[in-house]
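The values are calculated or read from the model by the stated rules, or taken from the named source; none is laboratory data. Here the structure is a predicted model, which means the values were calculated and not measured. Positions of Cβ are generated from backbone atoms using ideal geometry, with glycine treated the same way; all protein chains shown enter the neighbour counts. Heavy atoms of the whole protein, side chains included, go into the accessibility calculation; ligands, DNA and RNA do not. Shrake-Rupley method; radii C 1.70, N 1.55, O 1.52, S 1.80 Å.
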Amino acid sequence: MTATLQELLAALPRAEVRQAPSPAGQQVDPDLAIRGIVSDSRRAGPGSLFVAYRGVEADGHDHAAAAVARGALAVVAERELPGLDVLQVLVPNGREALAYLAAAWHGYPARRLTVVGITGTDGKTTTSNLLYSILSTAGRRAGLVTTVNAVIGERVLDTGLHTTTPDALDLQRYLAEMVAAGLEIAVLEATSHGLEQHRVTACDFDLAVVTNVTHEHLDIHGSLEAYRRAKAMLFEHLATAYRKPGVPKVAVLNADDDSYHYLRPIPADGHLAYSLGGRGEVVGTVARRTSAATYLRVQAPGARFELRTALAGEFNLSNVLAATTAALALGIAPAAVQEGVWRVKGVVGRMERIDEGQDFTALVDFAHTPNALQRALDAAREMTAGRVIVVFGCAGERDREKRPWMGEIAARLADVTVMTAEDPRRESLPAILDEMARGAEAAGGVEGQTYYRVPDRAEAIQFAVDLAHPGDLVIACGKGHEQSMCYGREEKPWSEHDALRTALRRRGRAAYSSD
């Protein structure tokens, strides 16, 4: 696969082309064939185009010479790089340029799809999976990209170890594979990192959906207002995205969330708000609950129908309503919405039951924000008449403000709290646990009675499991689907599911041997 340099550079909104700075340097013909686009100098090869930008840990500009040494014919950069005898293309933002170049490289695949973007602090993955199920039930050929995986036809691909949108090169490749597979709709989970770092730029969104916007990632964005602006970028994309014949640009908003007030004024062809409190165009009301399902009456423009969902927790009713509203905006009939919602019995790492024959409930949940932890514990309380025992941590080199806040929430809503590691990175784990413990004690927690510190996460989960009595509920929060744990700069293999299953089996063996 090749493209001419001129074809690729035409995709950039703003660019200044500079030939090699010295007479001895190679004067590159704009019609030269480019054989690949890379942002990692280690992946550069003969005929490649290297894109440099400032990253979190490293600055790609420092590695441009290495990319040229490996065969890169040209460099896209945010500043001129002396000493490189190749063509340089100067752009205001290297990440943004990478997204446009990746889209051009793959022939602008998003322009041949109806693209749905789903953002929010919590519930993105669940809402994405619900909408994908509804579309599939309706016979629409849909693809899915979340922080858990990508689903393209019969293929299911892992999208990474941690929780962010795939980078622009991977994402545009996924979209191109969807087009090649004959799909018509792409459902994309759009994280705040993915938006601010231009990973989803050039995805030409047609439908933007928000779940909620609460306190999270302030370490990256600096303030709640900046975090909100990052989320708003998805809705701003609607006005600048490529116009596809017969496909309107629609915003789906949560009328129950504060985000509604600053997202609603952003222009779109249409706005649809959903609500469990009766304030939107699509309103859901709980009709009844059973041990197996919650039944939700839905009133929408031109339609009234009832949904049933097996997903636990009040927050999941909001996720169901978000997916329902998005589906209705895409012209899906209520019958397909009903069946599609019911088909989703659970989402990996989201209030997911782990059963090894124990006489209490064990759950894995991804809750890693204050709002998500509160919602998970509220849901857990509804699921048991016994005690709620929670295991969770707070990530290192991330939002520090939430640590005592989450400690307070756990101490207030759970009967027993076990504090442990969650990607401490280069921070002191004991110091992180101290901050969490401060919040627990402010809420009346007593160390050694209602809360404990167990730094090793596997040991913490075992400790919680061993504390459980018949009828209790143990919930491990914060890691969910993730496949690694970060210590220092190293990602070590980790599976919350395996750790909880191992703990349950050890408890079972111990009980058996004592009989």
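Observations
- Theoretical gain in end-to-end length, Glu306 to Gln6 [0.36 nm per residue, Cα-Cα removed]: 102.6 nm
- Working from Cα pairs under 8 Å separated by at least six residues, relative contact order for the stretch 418-476 is 43 percent.
- Chain lengthening between Glu339 and Asp359 when straightened (0.36 nm per residue, less Cα-Cα): 4.0 nm
- The stretch 1-115 shape via C-alpha gyration tensor axes, a/c threshold 1.5: prolate
- Sorted peptide list for 135-146, 258-269, criterion being average Cβ within 10 angstrom, highest first: 135-146, 258-269
- Thr285 paired with Arg381, simple spin-label distance in nm, labels 7 Å along Cα-to-beta-carbon: 2.6 nm
- Relative contact order for the chain, counting Cα pairs under 8 Å that sit 6 or more residues apart, in percent: 11 percent
- Amide N of the stretch 82-100 lying under 12 Å from the label point, which is placed 7 angstrom from the Cα of Glu16 along Cα→Cβ: 89-92
- Computed helical MRE - 222 nm, the chain, DSSP H runs ≥ 4 contributing -39500 (n - 2.57), nearest 500: -10500 deg cm²/dmol
- Exposed-loop-free span, longest in the chain, where GluC sites (Glu not before Pro) count as exposed if DSSP calls them loop and at most 15 other C-beta atoms lie within 10 Å: 185-355
- The residues of the stretch 1-127 have, on average, 44 Å² of accessible surface per residue, using a 1.4 Å probe with all protein chains present.
- Annotation: per residue accessible area for the stretch 361-515 equals 41 Å², rounded to a whole number [probe 1.4 Å, protein chains only].
- Two-site label geometry, Arg42 and Glu225: point separation in nm, points 7 Å out along Cα→Cβ: 4.0 nm
- Spin-label pair Arg426-Tyr242: with each label point 7 Å from Cα along the Cα-Cβ axis, the two points sit 4.1 nm from one another.
- Of the trypsin sites (Lys or Arg not before Pro) in the stretch 447-515, the ones in a loop by DSSP (not H, G, I, E or B) with at most 12 other beta carbons within 10 Å are Arg489.
- Charge dipole magnitude, Cβ of K and R +1, D and E -1 - the chain, Cα centre, debye nearest 20: 1100 debye
- Among beta bridges that DSSP assigns inside the chain, antiparallel share in %, nearest 5: 40 percent
- Remark: relative contact order (the stretch 283-372) = 19 percent; criterion is Cα-Cα distance under 8 angstrom and separation of 6 or more residues.
- Estimated at 0.36 nm per residue, the fully extended path between Gln483 and Ala33 surpasses their Cα-Cα distance by 158.2 nm.
- Net charge contributed by nearby residues that have their C-beta within less than 10 Å of His106 (K/R +1, D/E -1): 0
- Portion, in percent, of the accessible area of the chain that falls on carbon or sulfur, probe 1.4 Å: 48 percent
- Proximal charge balance of Gly340 [Cβ under 15 Å; K/R count +1, D/E count -1]: +3
- Nonlocal amide H pairs with Thr4, under 5 Å, H built at 1.01 Å: Ile34
- Taking a sphere under 11 Å around the Cβ of Ala44 and counting the other residues whose Cβ falls inside, with K and R at +1 and D and E at -1, yields a net charge of +3.
- Shape call, the stretch 286-327: gyration tensor on alpha carbons, a/c limit 1.5: oblate
- In terms of its C-alpha gyration tensor, the stretch 410-463 has an oblate overall shape, because the principal axis ratio a/c (a ≥ b ≥ c, square roots of the eigenvalues) is not below 1.5 and a/b does not outweigh b/c.
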